[in-house]
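Report on the structure given below.
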Amino acid sequence: MTSIDKMAKQLDGLVEEYAALVQKSKYDDASDFPAEIRVLMNRLESAIERITVPGSVHRRQLKVHGDLDNSFKIAEFVGIAAALRDDLKEGWTESVVEVVHADTHGDYLEMAEELLSKRYKDPAAVITGTTLEVHVRALCVKHSVDIEVSGVPKKADTMNSDLKKAGVYGGLQQKQITAWMDLRNKAAHGNYTDYDAPQVRLFIDGVRNFMLKYPA
């Protein structure tokens with residue numbers, strides 16, 4: 001079973017849970033089960049956000065319905081989950097995700113460049129590193145490489161190694177990503193003297209070129 005199949009199955013299970021809740025309810029909106037609605041709604045929201053990328057239409061729809069009462073909100077969330085599930089099964093989301101991912105994370109890299117231009121090299125490095133990790137995870141999804149082990153998300157280094165094993169890119173690219181992740185970790189852990197602004201400049205440019213060469 002591919003990662004896409006697993007995602008679709010998870011969403012399918014949540015949709016079915018809501019259908020079962022409505023079936024045993026006295027009302028069409030299952031409003032007599034407020035606790036169950038609240039738990040299921042949080043699980044739906046978490047699943048949709050975990051599967052999609054920032055800026056996707058599915059995430060925007062979550063925000064659109066965010067102020068509704070729970071009994072109405074969960075019905076909308078179920079609809080979003082069902083639509084996302086069907087999109088995954090049909091396979092047409094891949095190109096859409098690539099476009100959204102590239103646009104959104106291009107914005108983050110522009111933010112990193114702006115910070116670097118103002119001599120804030122450390123947050124610029126963290127933002128660039130986070131962008132890289134999200135892109136690596138998206139590449140795994142695109143190429144049916146598992147992003148979890150026993151329900152626990154894989155670390156970036158593991159996903160990087162798995163992508164190399166899957167033939168998505170070669171050993172040199174893997175080593176470069178490992179070096180970039182090391183720089184990000186230094187920034188995130190406060191080791192600010194271990195790298196300089198020119199290195200962050202190369203980091204930003206390198207990640208941008210990597211995303212263009214290997215779209216996700």
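Structure data summary
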item: Taking all pairs of distinct alpha-carbon atoms in the chain, Kirkwood radius in angstrom; result: 19.0
item: Contour minus Cα-Cα distance for ASP157 and PHE72 (0.36 nm per residue); result: 26.5 nm
item: 20 Å Cα-Cα threshold exceeded, pairs from LYS9/LYS142; LYS89/LYS213; LYS175/LYS213; result: LYS89/LYS213
item: Estimated [θ] at 222 nm from DSSP helical runs (n ≥ 4, -39500 (n - 2.57)) normalised by residues in the chain, nearest 500; result: -25000 deg cm²/dmol
item: Exposure rule at most 16 other beta-carbon atoms within 10 Å, DSSP loop trypsin sites (Lys or Arg not before Pro): the chain longest free segment; result: 27-117
item: R0 of 41 Å, Cβ-Cβ distance MET111-GLN23: FRET efficiency to nearest 0.05; result: 0.30
item: Within-14-Å neighbourhood charge of THR128 [Cβ basis; K, R +1; D, E -1]; result: -3
item: Dipole of the chain, positive end: most advanced residue of SER150, VAL207, ALA35 [Cβ charges, Cα centre]; result: VAL207
item: HN-Hα J in Hz across the stretch 19-24 - Karplus 6.51, -1.76, 1.60, θ = phi - 60°, x for Gly and Pro; result: 4, 5, 5, 5, 5, 8
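All of the numbers you see were taken from the coordinates with simple rules; none came from a lab. Computed from a predicted structure; not experimentally measured. Here Cβ is always computed from backbone atoms with ideal geometry, including for glycine, and neighbour counts include all displayed protein chains.
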